[in-house]
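Have a look at the structure below before the remarks.
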Amino acid sequence: MIVDGLAVLEQVAAVVRVARLNPAGLTRAELGRVLHLGRNGVEDRLQRAAELGLVCQAGTRKSTGGRAPAVWVFNAGAGTVATASVSIFHTTLALTDLAGEVRCQRRLDCGVIAPPEEVCGKIVAALRALVAEHPGLPGVRGVGLTLPLPVDPQESCPIDPVALTLGETSPWSKFPLRNRLAAELRLPVWIDDEVDAMALAASVRPGAPADLFYLRVSPGLGLGIVSGGQVHRGNTGLAGELGHLQFGDSGLPCRCGRQSCLETVASGKAIADTASRAGNLARSPALRAAAAGRGEVTAEQVFAAAAGGDRVCVKILSDVAVVLSVVLAVLVAVYSPSEIVIGGEVARSGPVFASILEVALRRKLLPTTAARLTVRLGGVDQSDVIVGASRLACDALLTAPQLSRWIK
Ligand SMILES: [Zn+2]
């Protein structure tokens, strides 16, 4: 084992960072140009990164005279990252490679409606089982965990804005989930708001713009903001918390104790509540079938029925999209992102919701702003949040202070 100083690890981390940014690979000469290093400098750092298993040779480039130069790529198979995406009712666990490629995943029937101690215990047990069932995977190096709650960027603890508004004590607020999991699993853990992780996933795909919004419509409503390639969390970790903005005069009571919050008219819960009204159940065979025996439907069922062309469900989603277009138009005018990704459970409705929102939004924007804006649908089935949680952990694991963990 060679013990490197932080300065050396910074240089190795730079090689790894450049390799990750160039999936087609680089030759020694190309690496040298990017890192402003001479031949020997590149060779030393490349060799160290290869000893750690983080870069490997992948063929050669066509020779321009002399020996064909070797091409070096980031080795995404050098380790495994565990992710735990906690939502309101469920938790999705996954094991991914270092590029966020999912190797296996499992769903647990527990989410933030359960006490944090219980969720923490179930995650630990299920992750251990998942790892034991896949002995062929490389060792787990760290954990990326997401919550449907903002996370205090200073303390890495969840914040429960609804409980704070109600003046109540939430069992999740300030719960030391990161430290608890790290101690139990004996692995480093990084934690984030799920919509911020989704925004991170959108920002690291090939060709992604540096400025984008990720709008998540699931049971709640949230906005992830990427500015200059970085997730913007604000000084409180509450940037993009739109659900409890006082909006319009619906007078509808909100779970935060106030009235007319945006969440009461534009969220997965609002969609489920609207679809469960007697008039809508009467007019939609799909909703009646979904509500059978319970008298109410879930937002997921509305999204699925809209994807199947159910007119009542399409109208419900249209009304929500029009409301959200007002809020988004203001945010787009201020922030000027290149792209808005619409994801969360609403992605199950197919392109219906995104296209209605896009049309309503474009009408409100300056033509120049609208012309430079793309609106697209995000991934379904938790794929964006898993990629984001994995990326969160990988980005941290591949920084110089963490690289010592890779020394064999
Ligand atoms: Zn509210």
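Brief remarks on what is shown
- Qualifying residues in segment 183-204 (those that are out of contact with any strand residue (DSSP E or B) (no Cβ under 6 Å at 6 or more places or on another chain) and surrounded by fewer than 24 Cβ atoms within 10 Å (Cβ to Cβ)) - the one nearest to Arg405 (Cα to Cα): Arg186
- Qualifying positions in segment 209-222 - closer than 16 Å to Pro161 by Cα and in a strand (DSSP E or B): Leu221, Gly222
- Ala125 meets the conditions (1) closer than 30 Å to Glu51 by Cα; (2) without any contact (Cβ under 8 Å) to a residue 60 or more places away in the chain in every case but one. The failed one is (1).
- Single residue of Arg405, Arg391 found to be in contact with a strand residue (DSSP E or B) (Cβ under 8 Å, 6 or more places away or on another chain), of a type in the set (Lys, Arg) and at pLDDT 95 or above: Arg391
- Any chance Ile316 is away from the ligand (no atom under 16 Å from the Cβ), in contact (Cβ under 8 Å) with a residue 60 or more places away in the chain and among the aliphatic types (A, V, I, L, M): no
- Number of residues in segment 260-307 that are in contact with a Pro (Cβ under 6 Å, 6 or more places away or on another chain) and away from the ligand (no atom under 11 Å from the Cβ) equals 1.
Here is a yes/no grid of residues against (1) over 30 Å from Ala132 (Cβ atoms); (2) in contact (Cβ under 8 Å) with a residue 24 or more places away in the chain:
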{"residue": "Val189", "(1), (2)": "no, yes"}
{"residue": "Ala202", "(1), (2)": "yes, yes"}
{"residue": "Leu212", "(1), (2)": "yes, yes"}
{"residue": "Ser218", "(1), (2)": "yes, yes"}
{"residue": "Val226", "(1), (2)": "yes, yes"}
{"residue": "Val231", "(1), (2)": "yes, yes"}
{"residue": "Ala239", "(1), (2)": "yes, no"}
{"residue": "Gln246", "(1), (2)": "yes, no"}
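- Enumeration of residues in segment 166-181 that are of a type in the set (A, V, I, L, M) and surrounded by fewer than 16 Cβ atoms within 10 Å (Cβ to Cβ): Leu166
- Selection count, segment 223-259, where residues are under 14 Å from Val162 (Cα atoms) and within 10 Å of the ligand (Cβ to nearest atom): 11
- Members of segment 336-393 that are in contact with a Lys or Arg (Cβ under 9 Å, 6 or more places away or on another chain), among the small types (Gly, Ala, Ser), assigned to a loop (DSSP other than H, G, I, E, B) and more than 25 Å from Ile191 (Cβ to Cβ): Ser336, Ser338
- Segment 229-244: number of residues that are on the phi < 0 side of the Ramachandran plot and surrounded by 14 or more Cβ atoms within 10 Å (Cβ to Cβ): 9
One line per residue, one yes/no per condition, for (1) in contact with a Lys or Arg (Cβ under 9 Å, 6 or more places away or on another chain); (2) modelled with pLDDT under 95:
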{"site": "Leu187", "(1), (2)": "yes, no"}
{"site": "Val204", "(1), (2)": "yes, yes"}
{"site": "Ala210", "(1), (2)": "no, no"}
{"site": "Gly220", "(1), (2)": "yes, yes"}
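- Output for segment 18-27, where each listed residue is surrounded by fewer than 16 Cβ atoms within 10 Å (Cβ to Cβ) and assigned to a helix (DSSP H, G or I): Leu21
The values are calculated or read from the model by the stated rules, or taken from the named source; none is laboratory data. Small disclaimer: the values here were computed from a predicted structure and weren't measured. Every residue, glycine as well, gets a Cβ built from its backbone with ideal geometry; the counts of neighbours run over all protein chains shown.
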